[in-house]
Each structure stands twice: as structure tokens, then as C-alpha cells.
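Down below is the structure, laid out as C-alpha cells.
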Amino acid sequence: MGPIIRRSIALLLVLQGATPCAGKEYPAPTPPRFGGYAMRKSFRIWLSAWRNLYADPAEDEAEVPLLEDSALPPLFKGVKPKVVHSTGGFAGGVVSEGMGYALMIEGMLAAQGDAWAKDLAMGLLRSWLGMVQGINHDPKLALGGASEQDGSALKVDSDPYGVSAIDGWGPAGVATWKFPRHLCAANDPWKPCHGSAADGDVDAVLGAVYIAGALNYPIDLVDIVVRLIITFASADLGFPDMYRTLPDGKRIFVPKAGSQWGGLTPPDGKFKTLGPEWCYNPAYFAPAHYRTFKQFLSKVWDKRFEAYLPKTLDGKQTQLSDLTSAFDGAILAGYNILYYSSCESGTVSNWVGVMAPCETDDALSCKGVPWQYTPFVGKDKGECSTSGTRWGTFGADAGRTFWRLAMDYVLHTADSERVDVYWRSGWVNQNITFNARLFLNRIVTQYRRYASCDGGNEGGCDCHYPGCIVNATEPFQLAKAFASDKWPRTPGLTCDAVPHHGQAWWAGFMAYPTFTAFVAPYDITVNLTDDNVTLLPLHEWQHTNWMETFAHICNFSNFTEEGGWKIFGKVCQTTYFHVSQETISTMLMSGTMKPLPEFHGIKRSPSSAASKTESEKHPDDNDAKTASGRADGAKAPEESATRKGTEKAADAKDGDFAAALIVEAFQVQSSSQLRPPPGSTDWLAKSVAIIAASVMVVGSIPAIMKLRRTKPASSSRTWEQEQGPLMELGAADVDGERPAC
């Protein structure tokens, strides 16, 4: 942004009675990068495979509790419930993790006008609300992941701490992590599945937020979603009482593992943890979700929702600002714990410690720094883990960290850049620059450094021997970047934060999440002193080529109308754990994840999710299913014999992007940020607004002319880190000034 524009906007803000930020300016971030035709096709096929796991729940409630139409708002009338069947590991039956994934995926697609996704999303949401209700002898009392023997899910001061359900027209809250609940009794006799899982909860709530947007924010659904957000914050973040205060006064909330344990839950006392003490999963950290919850609440908040906010333990009524501040505190904590839980290669530990005890176990808030001893549990270097994955190891749990951080960059690009990293003592470390983009860049560096092919060049990782499939990517060349299963192992996969080698790259749930790192622009220059190599910034087309390389790992050529897609390949598994990560990852890389739909006010009239017209149906949706979940009548997309031409033609041209920039500039000119207050006749304010927008258009022309033509300048300035630099970054990265407000 040029000085003329800055002065114009600053002047306009003054004229409108606002005060411009007096601190340092933070440079505008580069937009996220996405794959092309092959990646978009890959996502639609993985989506079809994922939807094959959907089913109608048993009518006798043997799987999940079912709600009558009378227990729900009118928009659920006639909506058939749907569930996701999971298998493998700690899964099996219907788990909240899978339901959360499905709600997030279908909610986002529904918000883009996909009518089939809207039907599926509403069916999944109906089942989720049934899981919140639980099987209870009192139909008016939602269990919210608890048992009837626990304290009330509706009260913040009951054991376990937090509000996990809020009554209303339709139960809303967190859900027991697995149904049928008796499935847990095989491991722990006489103890059915108990408590919620924060990862499933957060994805499910995000999906509900998008469903509300897809239906144009009807009041009855908005009410449910507000209650969902509040219960997630209370049960899974510890709002409003379970927090730590840093030396600078910042109040931070640490995401728990679920409603009954993890995070800052004390080891003893009234709210004693029911799981490993002071344990935290970095992959449960979902900054894009928290920011979207804040965004949603700011749009729809109504005074009557204040009654849903829980009081503190000392009886103080909380406000919306307290709730949104809790999400800010969770974002701050999550990024700092991630910094101390990950290596320069991008590997992350499944589980780490966040020990920060108060003077007594009955105290839920006090001064403390949760990452003081991370990844260990306390100064005695303790360890913790659960769900079948090890502490200090890069494995199935940790893999999801990548797409959660990629979502933050894609959906909240500017905010994801603004991260303060703290010393272990709890004070801001001005020598460190760390955020979503730089974390994701670590994975890109690892691929560029150790893969035996260059996916940034078209066909650079293809097979070249006689008889191989045309355009097929050879995955073994990529696997060398994260080879923990062969000797010698790839350097950098372990460090003080991740001391043990983890699972092999060859699992789809390990490989695909790492691919999402390429959505974050690689604008840095990395000097690899050990190899005497310098990695230059990547152009946009190189990012796209890398993602197209990943899209060609699997063989999607076999399609029949009777059987749907037959997917072949070594990193192309189609069982629950794998296909969930393959679907979410390709959804991100295809550019299908979008911000919330525009808000034009809450719709007060009754709405029906079932009503739709033919024009609403997705024109390219080849995934329509029969009742059995199988693809029905879909047509296989045509695939070009080579990647040249067809795939690149499907992407946006430079001219289209240039036009988009100009349109965006005029949209900014007409936005409320550059418009005088309603009824204002101040000609000067209006003139400044027009001038500012015009300068933006003119100023964009040189940038448009340089698109994909200019190599970014490089520098050898060092990125200082607490435990010593492993790589040196370009000046463009370290010179970025932090926002002061």
C-alpha cells in the first residue's frame, strides 16, 4: 500500500471519527496458492470416496440417539439423519471426529450453493444434536458428552468444569466422542464412552456455522449455532475460568483434549482431570475455526443471546467480549505451544505437556506459562499420551496440524500473519518471527531439500521408464523428504521438541496433510549452509505445479456408473482415517474452502432446509448418491493426455487475475471502510474515498504486469531463533513489522 493511499485512508478515518493505528505498519500478505484442474478433480473424487462412509443411522437408536421433529426447529422437518461410519484404531462405530469432518466439509460446500451438500449437512447436524442430547431418561436434559451420573452439563460449576450443553429449541453442545457408547466397555469394563473430543467438536461447530450461512442465517439455526460455539468454548477451552495470565497481562486459554481432561484441567480437586495430566495435542489447535467463530458472533449477536453465556465461578456475568477474548487467548497459546512442539522440518509431536499449576488444584486460573516446559510435562521431563499415539512422536494425531494451519492462512490470511512468540519465561521474544505461513514453509523447505524430484516443474516427479502411466507421479521420490521408515532416515525429522521418529509418510493420513503446506506462499529465501544451497522464493505457478504433482499420485482412471470410482496407488488408501485426510487436504489445495457467506441480517421467517430449486443444484456435482451412499449417475471428468494445455487452461489467467484486482479495488471503494457515515454530506470525506480507491486501481497495474514475471529479491539476513538458527530467511520475511494494535 503506497503512502498516498495510507494518508487518504488515515484522513478518512479521522473524518469518520476513528483513530488510525498509531503503531508500526504490518505488510499486506500474499494471497494463498492453489492447485489447478488435476487437484480440483482429485478433490471431487476423494469427496465421493468420503461420502461412501455416510449412512442412515439405525432406527432403533442402536448407533446414535434420534430426535423427533417436535424437538427441533421447523427447518429440520423431514430432514433425514446421517452418520459417518469409522473404522480402525480408536475409531469404530460413529465417532465425533468423523462427524466433525463431515459437517465441516458439507457445511462449506453447502455455503457455496451445493444443494446436495446442504441436504447432507442438515442430516449430519440433526444426528450431531442427537449425540448432544444423548440417551437420557429425561428427554428435556441434554447430556452434552457426559453421563447421567455426572454433574449437570448445563452448569459451569459442575464436574467436569464447563457448560457442555445449553437447552433451547433443539439441544446444542458438545457430544460424547463415540456411539454406541458401549463400544468403550471392551477396553474398560462397565464404563461406557464418556466425554467429548475437542477435535471433533471444533470441526462440527465450524460446519454448523457454515450451514447457517448457507441457509441465509435463519434465526432458529443461528440460535443453535451460538449455543454450539459457547459450549465449545466452555467445555473444550475452559471458558470462562480455566486460564493462565502471562507476565504482560495477556489471558490465555489452552485447548483441552475434550470436556473431561487435557489442557489446564487440574490433576486433583473438584474439577479433577479424568485423563493424563497436563496433556495437550497440537493438532487440536484450530485457529481458523476460532477466528470464524468470532466473525460469526460479531455478525449475528443479539442481546437475548447473553442469557446463554456462562457465569464465572464467583457469579460474575460474562459478556460477548469475554468470549471473543477467550478465542484470542487460545490462538495466542496455540501458536506458542506449536512453536515449542515442532521441528524446523515441520514435524510435530502427537502429544506434549502444558504443565502450569496453580497454588491449589481447586484454583482454575492463576499466573503461569503453559509452554514453559513443552514438550515435556513439567520440569522433571514427564510424558503423556493417549489414543494410541506416542508422546514426542510425529504420527497420525500430529499430521492434522498442517491442514489446520493451512486453513488459517487460506481463510484468515492477514490475521494468520500476526503472531507474537513468547519466551518460555512468558515475555514476548522480539527476535522470533513465527506464524502460519512460516510454519507451513518449513514443510515446503523439507520437500524442496530432500525429495529426489522437483514438483515445481511440470512433470518433474513423473515416472520416465517404459510402460509407466503417463503423467503419474512417482511417490517414492517425494517420500524421501519424510523417510522415517528407512535407513538412513531423512535429517531433521527429530529435534528437542519431537525427540522420537514417528510413522511412515506412506500412509495417506500422514502424506496428504503435509501437501497442504504449499497453499502458503513461499516468499522467503532459505540459505542451507550445510548443503551450500540457496532455496529461492517460489512463483505462483510453481506452487500450483507442486500441488498438481500431488494430485497425480493416485490413479483415478477407472470409473463405472455401477461402482463409482476405483482408486489405485501406494498413497491412495480409502479407509476412514486415510480418506478423511485425503478429502480435507485436497479440498484445501483445490481452493474449495471459502470464507463465510456474506451476512445481510438474520432471517426471521421460518425456513426449510429441504426446499430448493433445480438452479440451486451444483452444476458440476458428480457425487450424487443413492440411499446406499454409492455414486449414482456420475460421469468421470475427462483427463488430458498431458498436463500442458487443459489443466493450465482451467486455471485463472493472468488477465483474469488482473481484472479481479481492479474489481476488488472498486469493491473496497464502495465498502463501509471507505464510505462516509450514513447521511453524511461531508464532500471531503467522499472525495478522499474515491481518490483512495482510484489510486489502488492505478497502483495495481504495475503489479499486474509483473505477475509471474519477476523473481523476488533475495537476502541472506538471518532469522534469529531461541535455540539457534537452522535456516536463514530473506529480508522480506524478517523485516515485516508487527502490528501494534
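Note on region 396-465: the alpha carbon radius of gyration divided by the globular reference 2.2 N^0.38 Å gives 1.47.
Rolled with a 1.4 Å probe across the full set of protein chains, the surface gives W506 an accessible area near 60 Å².
Judged by the mean number of other Cβ atoms found within 10 Å, the most tightly packed of the peptides 283-291, 377-385, 312-320, 471-479 leads the ranking 283-291, 471-479, 377-385, 312-320. Computed as a quarter of the hull surface, the mean projected area of the alpha carbon convex hull for region 283-427 stands at 10.6 nm².
Averaged per residue, what accessible surface does region 457-581 expose to a 1.4 Å probe, in Å²?
On a per-residue basis, 41 Å².
Which FRET efficiency, nearest 0.05, do K316 and T360 yield, Cβ-Cβ r, R0 22 Å? Efficiency computed from Cβ-Cβ geometry: 0.65.
Sort 191-203, 410-422 by packing, meaning the average of other beta carbons within 10 Å per residue, with the highest value first.
Working: 191-203: 24.8, 410-422: 20.7.
Sorting 191-203, 410-422 by mean packing, highest first, produces 191-203, 410-422.
Surface analysis of region 170-240 yields an accessible area of 22 Å² per residue, using protein heavy atoms and a 1.4 Å probe.
Lys and Arg at +1, Asp and Glu at -1: add these up for the other residues within a Cβ distance under 10 Å of T473 and post the number.
Values: positive: none; negative: D462, E474, E548.
Net local charge, T473 excluded: -3.
At full extension, D454 and T529 could sit 25.0 nm farther apart than now, given 0.36 nm per residue minus the alpha carbon distance.
Could you rank the peptides 595-604, 495-504, 170-179 by their average count of other C-beta atoms within 10 Å per residue, with the highest value first? Walk me through the intermediate numbers first.
Numbers: 595-604: 13.7, 495-504: 18.6, 170-179: 29.6.
In decreasing order of mean packing, 595-604, 495-504, 170-179 become 170-179, 495-504, 595-604.
Inter-label distance, A472 to V428: 5.4 nm, where each label sits 7 Å from its Cα along the C-beta direction. Near the amide H of K367, within less than 5 Å, lie the amide hydrogens of T245, all on another chain or at least 5 residues away, with H placed in the peptide plane. Evaluated at q = 0.16, 0.18, 0.21, 0.23 Å⁻¹, a Debye calculation over the C-alpha positions of region 344-442 (equal weights, vacuum) places log10 I(q)/I(0) at -0.89, -1.07, -1.23, -1.26.
The values are calculated or read from the model by the stated rules, or taken from the named source; none is laboratory data. Everything numeric in this text was worked out from a predicted model, so none of it was measured. When we count neighbours, we look across all protein chains shown, and the Cβ atoms used for this are built from the backbone with ideal geometry, even at glycine. With ligands, DNA and RNA removed, areas are computed over all heavy atoms of the protein, side chains included. Shrake-Rupley method; radii C 1.70, N 1.55, O 1.52, S 1.80 Å.
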